[in-house]
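The values are calculated or read from the model by the stated rules, or taken from the named source; none is laboratory data. Everything numeric here is computed off the predicted structure, so don't read it as measured data. Because the Cβ atoms are built from the backbone with ideal geometry, glycine has one as well, and the counts that use them run over all protein chains shown.
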């Protein structure tokens, strides 16, 4: 069973190939996704790594959380499920008749 990790506090210089290579030191990486700004294409400073097992994900959290990469301490934690979008103001667009 695979496990997805949240990787935060990334430098804008970090590449997905670099993260994949780094996290391969803890186990098999199934996928790596850096989140980028739609308009600029620039990294938003976080991403997700999917490891091939829960044991590999736990090893990666232990090994890489707080590790320096490009002058920043990585934040590595379990990825949380994506929440449904909700507008705190309660406005959900125009009403359709």
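For segment 47-84, what are the residues that are over 12 Å from the mean Cα position of the chain (by Cα), part of a loop (DSSP other than H, G, I, E, B) and touching a residue at least 24 places away in the same chain (Cβ under 8 Å)?
Matches in segment 47-84: 52, 53, 70, 71.
For residue 31, work out the one condition from (1) buried (at least 16 other Cβ atoms within 10 Å of the Cβ); (2) modelled with pLDDT of 95 or more it doesn't fulfil.
Failed condition: (1).
Among 14, 40, which is the only one that is more than 14 Å from residue 78 (Cα to Cα), surrounded by fewer than 19 Cβ atoms within 10 Å (Cβ to Cβ) and free of Cβ contacts under 8 Å to residues at least 60 places away in the same chain?
40
Residue 24 passes all but one of (1) under 13 Å from the mean Cα position of the chain (by Cα); (2) under 20 Å from residue 62 (Cβ atoms); which number fails?
Result: residue 24 passes all but (1).
Within segment 19-34, how many residues turn out to be in a strand (DSSP E or B), out of contact with any helix residue (DSSP H, G or I) (no Cβ under 8 Å at 6 or more places or on another chain) and under 18 Å from residue 73 (Cα atoms)?
Residues meeting the conditions: 0.
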